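Peer 1: Just dropping this structure here.
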């Protein structure tokens, strides 16, 4: 990255002000989302994290059978994760859908199920895993947890600080986030405490190597003393124990390199279309 490009995002030349352009917030809010199926695999976890932030509450069920036995009748949205191409029991899916007749139903297609042509039940909308955040923001432009519980700017989730050792290390993240319409800044670790109203920190492993949970907590608290932001650690191969140490200390998710852009953008409320469209406009 050139010096002028690095300065465009640097902590020394910018301050996070909290006044951003974006979608206006209006009711109704997304109060209850029912998530059926896998929410732990890399393909779905970042999307699930976003849903947990964006909706007032998330009810999880391991399968359609589990959802039938433990109905969530107040659900405003239902997400059925389809991790492979195995057919869904249409009658069972329809029965679950009838338990929450006012809910919007999405079939969330993972990488291995993107070629599935049939919906799980009548009225279900098929959407790729990287597109769900955009769908939610379209139907419910505001988030109750952000606009009510946390009393922060509705654009809070779309403000981002990239923590990296140098502008070169941060370059890809900055361009990706900027092209997706996020308010983004770069900072070295020692500079990060200058920022306010940050929705998310992306920790590159150029500044964040694997450490114990106590040291991770110290890191996170130094940059986010109020504990209001989410944190994503982006790193090369780490052990399961090292990942668990980070998660236990407040890291929201661990993203391994190489990664797809949507694994970072989806929790920020951006679909891959945001990234592709804005990048094309800037070209």
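Peer 1: Every residue in segment 189-204 that is under 8 Å from residue 160 (Cβ atoms) and modelled with pLDDT under 90, please.
Peer 2: Of everything in segment 189-204, those that are under 8 Å from residue 160 (Cβ atoms) and modelled with pLDDT under 90 turn out to be 198, 199, 200.
Peer 1: Just checking, how many residues over segment 100-124 are part of a loop (DSSP other than H, G, I, E, B) and touching a residue at least 24 places away in the same chain (Cβ under 8 Å)?
Peer 2: Result for segment 100-124: 15.
Peer 1: Taking into account only those residues within segment 159-172 that are surrounded by 22 or more Cβ atoms within 10 Å (Cβ to Cβ) and not in a loop (DSSP other than H, G, I, E, B), which is modelled with the lowest pLDDT?
Peer 2: 159
Peer 1: Among the residues of segment 223-264, which ones are assigned to a helix (DSSP H, G or I) and touching a helix residue (DSSP H, G or I) at 6+ places or on another chain (Cβ under 6 Å)? Spell out how you get there, then give the answer.
Peer 2: As a first pass, look at segment 223-264 and keep what is assigned to a helix (DSSP H, G or I): 223, 240-248, 262-264.
Passing the criteria: 223, 245, 246, 248, 262, 263.
Peer 1: Right, here's the next one. Give the number of residues within segment 176-207 that are crowded, with 19+ Cβ neighbours inside 10 Å, touching a helix residue (DSSP H, G or I) at 6+ places or on another chain (Cβ under 7 Å) and assigned to a loop (DSSP other than H, G, I, E, B).
Peer 2: Counting residues in segment 176-207 that are crowded, with 19+ Cβ neighbours inside 10 Å, touching a helix residue (DSSP H, G or I) at 6+ places or on another chain (Cβ under 7 Å) and assigned to a loop (DSSP other than H, G, I, E, B) gives 5.
Peer 1: Which one is surrounded by the fewest Cβ atoms within 10 Å (Cβ to Cβ) among residues in segment 55-88 that are out of contact with any helix residue (DSSP H, G or I) (no Cβ under 6 Å at 6 or more places or on another chain) and part of a strand (DSSP E or B)?
Peer 2: Checked segment 55-88; the qualifying residue surrounded by the fewest Cβ atoms within 10 Å (Cβ to Cβ) is 57.
Peer 1: Let me ask you something else. Quickly run through segment 14-42 and pick out the residues that are outside any loop (DSSP other than H, G, I, E, B) and modelled with pLDDT under 75. Steps first, answer last, please.
Peer 2: At the first step, the residues of segment 14-42 found to be outside any loop (DSSP other than H, G, I, E, B) are 32-36, 42.
Of everything in segment 14-42, just one residue is outside any loop (DSSP other than H, G, I, E, B) and modelled with pLDDT under 75, namely 42.
The values are calculated or read from the model by the stated rules, or taken from the named source; none is laboratory data. It should be emphasised that the depicted structure is a prediction, and the values quoted were computed from it without experimental measurement. Positions of Cβ are backbone-derived with ideal geometry, glycine not excepted, and every protein chain shown enters the neighbour counts.
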